[in-house]
Structures are given as structure tokens and as C-alpha cells.
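**Q** Here's a structure for you.
Only the coordinates and a few stated rules stand behind these numbers; no lab work does. Only a predicted model underlies this, so the values are computations on that prediction, with no experimental measurement involved. Every residue, glycine among them, receives a Cβ derived from its backbone with ideal geometry; neighbour counts consider all protein chains shown.
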Amino acid sequence: MWAGVSSAHRRDEYLQAARLAIDPNRVELTLDLTPGIAVAERVLRTIDGDADGSISAGEARAYAEDVLHAIALDVDGTPLRVALVDSAAPAIDAMLRGEAAMRIHASAAIPRLAPGLHHLRYRHTDSGGIGVYLANVLVPASDRVIVAAQRRDVDQRELVVEYNLRGDPTSRARAGVPVGLAGALVLIANLCWRRRPREAA
């Protein structure tokens, strides 16, 4: 999805592309970070802390944590805690050529919400000066989540997703038990009434 955009971004920009997947109880966030050729060395100096010419798993994780500190998520105004799941960095020479992206996967739990309309807001607060941003929401995997609209600011640092949350099907089934039971009792009572001996005239 981002390959065409990544290959076309300017040499002096740091492309930071976000994809959000909304589930009823969780938001999954994927960030692809692609520095242009002119800024790649500057970015890599920040990631490669020991300057040994390679990015270790620890360095990738530390940089990912720093990036996530600039990410804010909230639902209906309630802040969500964004936690790092994993991170992966490509070979340094590929990043220096502007051909590869570092990927960060994070997740945030959503408190229990009532069925109806809700708003998820994503904000990137980084002020590094070389970043350019993309933000998009994926088609929900759960049929309980229906995305109604997406609104972005001009530079796509902020994305507001308006979505409808359907009721939990388990809860709906539970709520229907008394009705079904009542119907069964009525049927049984009707059969018993039909089979009872008629009184002599």
C-alpha cells in the first residue's frame, strides 16, 4: 500500500506512514518510517546509538519507543495508552539509499464502549522538522466496527475516525434467551391444553 508513496517521497523528507486497525476493544497501529536519501544519515545517527554501522534489536526498540512518545490516541476524548508490540529495522545501506522503511507495530486497549457512534483520534506530535505524514484506517476485521468517516488535518499529523460500534452478539443472544424460553413455555402449555381430557358434557 505504501510502496508507491515511499518510492516517490522527496529526498529531504522523512516519511512517516501510519495505518490504524480498529477492533471493538483494541486499536492496532503500524508505522512505516522511510527517510529520504538527503536525511537518512541524520536519522540513522539517532537510531544507531553505538555508531557501529548496524541497528541492533535493542536500538530499534529504543528508537521505536521514542517515536511512540510522539503518538497520541484517544477515543471520545479518553486518552489511550500506546504500547510497543515489536519493531523491525532493515539494513542500513538500504535505508541510506531511501529504499527501505523501519516498521513499528504498537497497540492500545480501548475501554468498554456502549454501542453507537464513537470517535478515534490519532495525533503525531513530532516536531523534528523533516517529517511528512500519512494516516489511514484499515477496513475493520470485526463486523461490529463500521467506519463512517475519516477526517485529516492538512499535513495528516492528525486523523479522526468516526465509527459505529454494534452490540456484542453474545450479549444480544443472551438477552434473547428469556424471550425464546417464554415462547417455548407458551408452546408447551398450548400442547398440554390440547391434550387434556375433555370434561363430560
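**Q** Among the numbered criteria (1) more than 30 Å from VAL147 (Cα to Cα); (2) surrounded by fewer than 19 Cβ atoms within 10 Å (Cβ to Cβ); (3) not β-branched (Val, Ile, Thr), which one does ASP74 miss?
**A** Single failed check for ASP74: (1).
**Q** Somewhere in the range 16-39, is a residue over 16 Å from the mean Cα position of the chain (by Cα), in a loop (DSSP other than H, G, I, E, B) and surrounded by fewer than 14 Cβ atoms within 10 Å (Cβ to Cβ)? Break it down into steps so the answer makes sense when it comes.
**A** Of all residues in the range 16-39, those over 16 Å from the mean Cα position of the chain (by Cα) come to 33-39.
So of that shortlist, the ones also in a loop (DSSP other than H, G, I, E, B) come out as 36.
Checking which are surrounded by fewer than 14 Cβ atoms within 10 Å (Cβ to Cβ) leaves us with none.
Checking the range 16-39: not a single residue is over 16 Å from the mean Cα position of the chain (by Cα), in a loop (DSSP other than H, G, I, E, B) and surrounded by fewer than 14 Cβ atoms within 10 Å (Cβ to Cβ).
**Q** Looking at the structure I just gave you, is ASP153 free of Cβ contacts under 8 Å to residues at least 12 places away in the same chain and either at positive phi or loosely packed, with under 15 Cβ neighbours inside 10 Å (or both)?
**A** Numbers: free of Cβ contacts under 8 Å to residues at least 12 places away in the same chain: yes; either at positive phi or loosely packed, with under 15 Cβ neighbours inside 10 Å (or both): yes.
Judged against the criteria, ASP153 is a match.
**Q** Does at least one position in the range 43-63 carry a residue that is under 25 Å from VAL147 (Cβ atoms), without any contact (Cβ under 8 Å) to a residue 60 or more places away in the chain and surrounded by 15 or more Cβ atoms within 10 Å (Cβ to Cβ)? Lay out the reasoning, then the answer.
**A** Within the range 43-63, the first condition is being under 25 Å from VAL147 (Cβ atoms), and the residues that meet it are none.
Checked the range 43-63: no residue is under 25 Å from VAL147 (Cβ atoms), without any contact (Cβ under 8 Å) to a residue 60 or more places away in the chain and surrounded by 15 or more Cβ atoms within 10 Å (Cβ to Cβ).
**Q** Could you please find all residues in the range 91-111 being among the aliphatic types (A, V, I, L, M), free of Cβ contacts under 8 Å to residues at least 60 places away in the same chain and part of a loop (DSSP other than H, G, I, E, B)?
**A** Initial filter on the range 91-111 (among the aliphatic types (A, V, I, L, M)): 91-92, 94-96, 100-102, 104, 106, 108-110.
Applying the additional criterion that residues be free of Cβ contacts under 8 Å to residues at least 60 places away in the same chain yields 91-92, 94, 96.
Selection gives ALA91 alone.
**Q** Go through the residues of the range 72-90 one by one and say whether even a single one is hydrophobic (A, V, I, L, M, F, W, C), part of a helix (DSSP H, G or I) and more than 16 Å from the chain's Cα centre (by Cα).
**A** First, pick out the residues of the range 72-90 that are hydrophobic (A, V, I, L, M, F, W, C): 72-73, 75, 80, 82-85, 88-89.
Within this subset, residues satisfying the condition of being part of a helix (DSSP H, G or I) are none.
No, because not a single residue in the range 72-90 is hydrophobic (A, V, I, L, M, F, W, C), part of a helix (DSSP H, G or I) and more than 16 Å from the chain's Cα centre (by Cα).
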